[in-house]
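Working notes, beginning with the structure itself.
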Amino acid sequence: MEVKQATKVFSSRHGPAINSVSFDVKNGEVVGFVGLNGAGKTTTIRIAVGVSLPTSGTVLIDGHDITNEKAEASKSIGWVPEIPNFEPNAKALTLMRYLAGFYGIDRTEARSRSKDLLASVGLSGFENRKIRTYSQGMKKRFSLAVSLLSDPQNFLFDEVLNGLDPEGIHFFRELMRGQKRVNKAILLSSHILTEIENIADRIVFIHRGRIIKTVTREELGAYEGVRGILRIILQNPNDDAISYLKTLGGNLQVQGNEIVLSDFHGDSSQVNAELVKKGIPVREIKFEKTGLEEYFFELIKSADAGR
């Protein structure tokens, strides 16, 4: 799937919700889509699946324009919205069979496929319950089953992890890995950045409606390997120690005997050696690698500073 210069303006008074957004998701790849609330993630995904029209720009799904060739493009899409919205009084299996008809699946196959998919997402035994009796997590699992009905090539998941318990998150993680192995293209937005970090091959960052950065897993790993938080516990954090640590850059905080140096670049063993050389007793020194969350907020800070 490919998003090309997509812009959406809901009101001229407030400016574009998304502005010239461009990125792609290749077959066999999981792309994380990360941004604050209101950054434009859901707007972008709704345009990509064809439920909202872009003001300008295009989205191609397996080469088909989602706006001008919607019927053809939609055949290749599996979508789970942030808030699933199904007929509350419908029974899960009945609704699945009904939806299967839209994909041209005959009645016999629709029943067997629907039962198999509901079982695969952990809803076996709940097929004949009404959707309104489902918990939020069960509704998300049901949405996942629906997204798999047509065995689509492209998946778009908008905050799909919300409402899932740890077992549900583990199930989803394994599902994504399985779909990746069979060469599916997957776009995943989530506030649970540790899961994005675990699953995604690339991460696209959006802020204030614009793409501000795209990084690969390898690039993020290289960043994390050299930047982080340095925690030092000294027997006596005197002025000499503080003066030296300030020369290392980053943001320094003194909390009793503990000194915390955030955004640290360097070698903690060299810092330890230098403190000992200066006659400053070190009780403990620990380097904590920067994760995706810290990287994300640093990107936002940099983007806002450049406005």
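The values are calculated or read from the model by the stated rules, or taken from the named source; none is laboratory data. Predicted model only: the values in this text are computed from it and were never measured. A quick note on method: Cβ atoms are made from the backbone with ideal geometry, for glycine too, and the neighbour counts reach across all protein chains shown.
Residues in the range 52-68 that are under 17 Å from residue 103 (Cβ atoms), in contact with a strand residue (DSSP E or B) (Cβ under 9 Å, 6 or more places away or on another chain) and not β-branched (Val, Ile, Thr): 62 only. Here residue 105 fulfils each of the conditions (1) more than 26 Å from residue 137 (Cα to Cα); (2) hydrophobic (A, V, I, L, M, F, W, C); (3) touching a helix residue (DSSP H, G or I) at 6+ places or on another chain (Cβ under 7 Å); (4) at pLDDT 95 or above apart from (4). If you filter the range 84-127 down to residues that are among the basic types (Lys, Arg) and farther than 22 Å from residue 178 by Cα, you find that the one that is surrounded by the fewest Cβ atoms within 10 Å (Cβ to Cβ) is 107. Of the residues making up the range 1-42, those that are of a type outside the set (A, V, I, L, M, F, W, C) and either in contact with a helix residue (DSSP H, G or I) (Cβ under 7 Å, 6 or more places away or on another chain) or assigned to a strand (DSSP E or B) (or both) number 15. The residues of the range 145-166 that are in contact (Cβ under 8 Å) with a residue 12 or more places away in the chain, within 18 Å of the chain's Cα centre (by Cα) and at negative phi, listed by number, are 147, 154, 155, 156, 157, 158, 160, 161, 162, 164, 165. Selection over the range 108-144 of residues that are within 26 Å of residue 73 (Cβ to Cβ), free of Cβ contacts under 8 Å to residues at least 24 places away in the same chain and in contact with a Lys or Arg (Cβ under 9 Å, 6 or more places away or on another chain) gives a count of 1. Apart from one condition, residue 33 fits all of (1) more than 26 Å from residue 178 (Cα to Cα); (2) at pLDDT 95 or above; the exception is (1).
Residues in the range 43-57 that are in a helix (DSSP H, G or I) and closer than 30 Å to residue 181 by Cβ: 44, 45, 46, 47, 48, 49.
Of all residues in the range 262-307, those satisfying the criterion of being closer than 17 Å to residue 233 by Cβ, part of a strand (DSSP E or B) and either in contact with a helix residue (DSSP H, G or I) (Cβ under 6 Å, 6 or more places away or on another chain) or among the small types (Gly, Ala, Ser) (or both) are 262, 282, 285, 287. Name the single residue, out of those in the range 168-204 being hydrophobic (A, V, I, L, M, F, W, C) and in a helix (DSSP H, G or I), that is nearest to residue 214 (Cα to Cα). Residue satisfying both the conditions and the ranking: 196. Total residues in the range 210-241 satisfying the condition of being surrounded by 13 or more Cβ atoms within 10 Å (Cβ to Cβ), at pLDDT below 85 and among the small types (Gly, Ala, Ser): the figure is 1.
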